[in-house]
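The values are calculated or read from the model by the stated rules, or taken from the named source; none is laboratory data. Nothing here was measured: the structure is a model prediction, and the numbers come from that model. Neighbour counts run over all protein chains shown; Cβ positions are idealised from the backbone, glycine included.
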Amino acid sequence: MQIDTFRDIIHWTKAYHQQLSDSLKKSSDANRDEKARLLLDYLSEHEAKLARAVDAFEKSDNLKALNTWVMEYLDKKPIKSFAQIDAPFADLSAEEIIQRVEEEHRDIVELYKFLAGRAVATPAVDLLEELAALERHEAMRLSNASNMLGDI
């Protein structure tokens, strides 16, 4: 995927969460551990909802932020390819799954922070900070839900 603007970053993030959702769902069907299957199903739904939430940012009317160029920033901190997130979760324990998905969210937050630190346009910085806050909030919800699953 060619990424030139913040709109492209948002589109990539939406697609990233959707692909992660699909990978989690596919792995759920193949995992033998009941607790891990429950977690994978929950995470798959969670990632699909997050993809829809990110989609709202992509449809924003904040054209100044969305059309800000980011190519030179990504040369210094490249984003993951979709092949890197399509790793199977079928052979992982619930704890390993949680760790991997939390790492995915951390990586996205770090990307947003990196880009916000280099963006000059205030609307672009505001947009990135909102996206980072969404990712952090969802990671926190994920962690809380995972802890509750651990109590089962």
_Against the definition (at pLDDT 85 or above and either of a type in the set (D, E, K, R) or in contact with a His (Cβ under 6 Å, 6 or more places away or on another chain) (or both)), how does Glu129 come out, yes or no?_
yes
*Return the residue satisfying two criteria in turn: it lies in segment 12-43 and is among the polar types (S, T, N, Q) and more than 29 Å from Ala124 (Cα to Cα), and of such residues it is nearest to the chain's Cα centre (by Cα).*
Ser23
*Answer yes if at least one residue in segment 60-79 is at pLDDT 80 or above, of a type in the set (A, V, I, L, M) and either over 22 Å from Leu134 (Cβ atoms) or out of contact with any Gly (no Cβ under 7 Å at 6 or more places or on another chain) (or both), and no otherwise.*
no
*Report the residue count in segment 16-52 for those that are of a type outside the set (D, E, K, R) and either in a strand (DSSP E or B) or surrounded by fewer than 16 Cβ atoms within 10 Å (Cβ to Cβ) (or both).*
2
*Within segment 53-64, which residues are assigned to a helix (DSSP H, G or I), over 15 Å from His105 (Cβ atoms) and in contact (Cβ under 8 Å) with a residue 60 or more places away in the chain?*
Phe57, Lys64
*Quick one: how many residues across segment 24-46 are in contact with a Ser or Thr (Cβ under 6 Å, 6 or more places away or on another chain), touching a residue at least 40 places away in the same chain (Cβ under 8 Å) and acidic (Asp, Glu)?*
0
